1. Which ones in segment 445-477 are over 24 Å from residue 384 (Cβ atoms) and outside any helix (DSSP H, G or I)?
2. Could you count how many residues in segment 151-162 are in a loop (DSSP other than H, G, I, E, B), at pLDDT 85 or above and over 19 Å from residue 119 (Cβ atoms)?
3. Could you give every pair whose Cβ atoms fall below 7 Å, whose first residue belongs to segment 43-68 and is closer than 29 Å to residue 576 by Cα, and whose second residue is modelled with pLDDT under 65 and surrounded by 10 or more Cβ atoms within 10 Å (Cβ to Cβ), counting only separations of at least 6 or pairs across chains?
4. Within segment 498-523, restricting attention to residues that are in a helix (DSSP H, G or I) and either more than 18 Å from residue 359 (Cα to Cα) or at pLDDT below 55 (or both), which residue is nearest to the chain's Cα centre (by Cα)?
5. Which ones in segment 561-578 are assigned to a loop (DSSP other than H, G, I, E, B) and modelled with pLDDT of 90 or more?
6. Tally up the residues in segment 318-368 that are without any contact (Cβ under 8 Å) to a residue 12 or more places away in the chain and assigned to a helix (DSSP H, G or I), please.
7. Has segment 574-582 got at least one residue that is touching a residue at least 24 places away in the same chain (Cβ under 8 Å), closer than 14 Å to residue 483 by Cβ, surrounded by fewer than 19 Cβ atoms within 10 Å (Cβ to Cβ) and out of contact with any strand residue (DSSP E or B) (no Cβ under 7 Å at 6 or more places or on another chain)?
């Protein structure tokens, strides 16, 4: 960083008196005025030789700036800023070519150990590309890959390390490069081509998840996968014919890497619409490398719509996170099955979910309704209304599956938009429910608030809308969207939405069990004769237990973080250009247009979340009790079998999540006990205690605080 001694600068974008103390100028006898037209006019050589280092002075002056202040020189353009990067530096200039690159001989003899290392390095580059890095920073940095692609080969015969006038060498080391490394590189490039096509075919966001840019390079698009497989098989045959030339360990290293590449080319080139549960056999030689694909096949075993939703949710929370290719593959497999005749259809998925959650009247979902053609028949009108619902709600339901396949930040952002669509759908579904009542002759159920009807379609929509609102809040904690001093208020909103869903589940339970009456023995007989009703009651009770656990744990978090805030143990960063009311408006922006439940006014929210009328010691007691109750609920959920928990396709992930929830309950209980003891002893002060948020050992959305004594 430097400044010309005879080049004065006129700072126009900041008050002159403030610039006096921030501007660093070398006073010269004849300062040159600032340029008025072209700010990048070449400077004379005499001026260029008179630079001095002002780095230390610059940093000293920058410390005088307040947060939010900016010093801007109108004559220092973006073009000049980019030009300030050091060119010809290998670490900064990605386009720098060294002289030896141009004369690189790809067939230069290599030791067997070196070839193994090169193959592994290329595999690392391939995985880095799959995780979101650009080809220009990964595979295209390899001179071997560059040698294969630089001539733009249109056939396999042109894809060679040998130049147009290359001399053939018969040394074993050179033959190893040509007969093993070259086929491996060709197979790797073809795999990249297949992966790129797969990701472009589905909803994966460019530059955010994956860089599909190939910079105009032909990745063997015109070469058939069968030719690549034959080339790899010939490499394996050549390797077998080398006899005792290589040690057993080296031969096995080459063999396994070539077999891996062959299996990847085969499976990447297969059509996902033709996959079946038996297709997993093709991954046998490469499952250790692509374990995520093994999980993808589970959706081919349809276990019900609720199991499917839970599988998708569990799949995207796996650690390490599924790569863009795997998430794209999941979309292709799922939607391929939905669109494939004979597999499960959108209507089947929707009806299955609706039947399991709401237990509507049998006549609404009766397949015989489709056969009725008489307009005066009530079933004709029922079919007409249900067809509209399948078309309207089916789009939103299918979009939900696609949204869940996005990365976690994108999922939260997308949910903030999709709940608006579900809110509109709820209003429309209520109208359809009202119209359907005249065809189903539904009788009202007496409630404390008067007669009430089931509204099965709108109840189903409302439940999914509430779940998505909860997911938005949970992802806010997982992705560090909320700051620590906001935790109490945001957990209050999570509890608010969970309580609303609990009330809705209880209402659905009331209508799902309305046909059961009489003595216990008769009720049991009736349930045994109606397995669908048993299934619905089981699901609703499971949701009720799960929501109660989340509500109790959120309540414990509210009480604990409110107590920490009162004791000034949570560090609130200075925010001179923000306020609590403005921040609240930003946090609640996705929910402002939602009709039900409505956003609480800021003044009411402050009063409800802060619990000013409750003493701090009482808050800590409430936190301890809530954490204990939540732990009991999650302990019961842990003991449920996979079918009851609707986790047949993702049992391992479900149990891991429940264990994380229980650890969060324990962590909150420990933090509450430590803080209560410190409060009783008069040590609950910022000078003596430090609060750290542990995000490693607990559930991502319920990171318990760790309270430790400061070292003196």
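The values are calculated or read from the model by the stated rules, or taken from the named source; none is laboratory data. If you're wondering where the values come from, they're calculated on a predicted model, not measured in any experiment. No Cβ is skipped: glycine too gets one built from the backbone with ideal geometry, and neighbour counts run over all protein chains shown.
1. Taking segment 445-477 as the starting set, the residues that turn out to be over 24 Å from residue 384 (Cβ atoms) are 445-452, 463, 465-477.
Scanning segment 445-477 gives 445, 446, 447, 448, 449, 450, 451, 452.
2. Final tally of qualifying residues: 4.
3. 55/1; 57/24; 58/1; 58/24; 61/22; 61/24; 64/22
4. Initial filter on segment 498-523 (in a helix (DSSP H, G or I)): 498-512, 520-523.
Next cut, either more than 18 Å from residue 359 (Cα to Cα) or at pLDDT below 55 (or both) only: 498-500, 520-523.
Numbers: 498: 22, 499: 26, 500: 26, 520: 47, 521: 49, 522: 49, 523: 45 Å.
Here the residue is 498.
5. Within segment 561-578, the first condition is being assigned to a loop (DSSP other than H, G, I, E, B), and the residues that meet it are 567-578.
Of everything in segment 561-578, those that are assigned to a loop (DSSP other than H, G, I, E, B) and modelled with pLDDT of 90 or more turn out to be 567, 568, 569, 570.
6. 4
7. Of the residues in segment 574-582, the ones touching a residue at least 24 places away in the same chain (Cβ under 8 Å) are 574, 576-577, 580.
Filter once more, so that each one left must be closer than 14 Å to residue 483 by Cβ: 574, 580.
This time we only want the ones that are surrounded by fewer than 19 Cβ atoms within 10 Å (Cβ to Cβ), so: 574, 580.
Filter again for out of contact with any strand residue (DSSP E or B) (no Cβ under 7 Å at 6 or more places or on another chain), leaving 574, 580.
Checked against the condition, which is being touching a residue at least 24 places away in the same chain (Cβ under 8 Å), closer than 14 Å to residue 483 by Cβ, surrounded by fewer than 19 Cβ atoms within 10 Å (Cβ to Cβ) and out of contact with any strand residue (DSSP E or B) (no Cβ under 7 Å at 6 or more places or on another chain), segment 574-582 yields at least one hit.
Yes/no per residue for (1) crowded, with 23+ Cβ neighbours inside 10 Å; (2) under 32 Å from the mean Cα position of the chain (by Cα):
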residue	(1), (2)
651	no, yes
654	no, yes
662	no, yes
668	yes, yes
673	no, no
679	no, no
689	no, no
694	no, yes
